[in-house]
Amino acid sequence: MAVTESLNEEQVHDYLEKGFIQCTTIIEIAGAPKEHVELTMKDYVKKIHDDNNGVVIVKEEYSEVKEDKGLFSTFAELEFVAKDASTIAFFCFDYMPSSIEIVAPESFTYRAVDFSSFFNDMSGRLHRIDRVVKELATRNKNLQ
């Protein structure tokens, strides 16, 4: 596995002192050809780095690409810090990891106003997704 570290332990500690949440996650990609899968994974992780989404990558590890019946797959394990729980939830919506684990802190408090804001933002995203799905279903029906 190739490993890239973006932050050292002291920098991570500084983020945690500011209230950030430390997580690990796994992102998986499958497809063909092999070179496309490798490049797509690196581009996907670069997008996470580049997006202004409240997430700072601490470390990234890439697995070797494996082939199974003509399909190639790989995964990246990312360690990151996120500014709050809402950021982690929206990270899951935006990047669709196969798993996520909160490493630190062990527990935290969520203020009611922040929790309400999170649910309102999530509801807005779900409504947008629902609208897109309905539009695509209508187009598909018209094409058939």
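The values are calculated or read from the model by the stated rules, or taken from the named source; none is laboratory data. Keep in mind that what you see is a predicted model, and the values were worked out from it rather than measured. Reconstructed Cβ throughout: ideal geometry from the backbone, glycine too, with neighbour counts over all protein chains shown. For accessibility, only protein heavy atoms count, side chains too; no ligands or nucleic acids. Shrake-Rupley method; radii C 1.70, N 1.55, O 1.52, S 1.80 Å.
Structure above, values below:
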| item | result |
| --- | --- |
| Entries of LYS34/LYS66; LYS42/LYS66; LYS46/LYS134; LYS47/LYS134; LYS18/LYS83; LYS34/LYS69 with Cα pairs more than 20 Å apart | LYS46/LYS134; LYS47/LYS134 |
| Cα-centre dipole for segment 73-144 with unit charges at Cβ (Lys and Arg positive, Asp and Glu negative), debye to 20 | 620 |
| Among GLN144, ILE29, PHE115 - extreme Cα towards positive end, dipole of the chain, charges at beta-carbon | GLN144 |
| Inter-label distance, nm, simple model (7 Å from Cα along the C-beta direction), GLU106/LEU71 | 4.1 |
| Total charge dipole magnitude, the chain, about the Cα centre, Cβ charges on Lys, Arg, Asp, Glu only, Debye to nearest 20 | 1020 |
| Gain upon complete extension [ASP50, GLU135; 0.36 nm per residue less C-alpha separation] | 27.6 nm |
| Chain lengthening between ARG125 and GLU61 when straightened (0.36 nm per residue, less Cα-Cα) | 20.1 nm |
| Relative contact order (percent, whole number), the chain, Cα cutoff 8 Å, 6+ residue spacing | 31 |
| For log10 I(q)/I(0) by the Debye sum over Cα atoms at q = 0.13, 0.15, 0.19 Å⁻¹, calculated from these coordinates, the label among [x] -0.71, -0.89, -1.15; [y] -0.58, -0.75, -1.12; [z] -0.63, -0.83, -1.22 | [x] |
| Within segment 36-144, chymotrypsin sites (Phe, Trp or Tyr not before Pro) in DSSP loop having at most 13 other beta-carbon neighbours inside 10 Å | PHE108, TYR110 |
| Within the chain, helix-based [θ] at 222 nm, where runs of 4 or more DSSP H residues each add -39,500 (n - 2.57), nearest 500 | -16000 deg cm²/dmol |
| With every protein chain in place, the chain: carbon and sulfur % of accessible area (1.4 Å) | 51 |
| Modelled FRET efficiency - R0 25 Å, LYS83 with THR40, Cβ distances, 0.05 increments | 0.40 |
| Point-to-point label distance, LEU16-ASN142, nm (Cα→Cβ direction, 7 Å offset) | 5.4 |
| Residue-normalised accessible area of segment 25-144, expressed per residue, 1.4 Å probe, Å² | 67 |
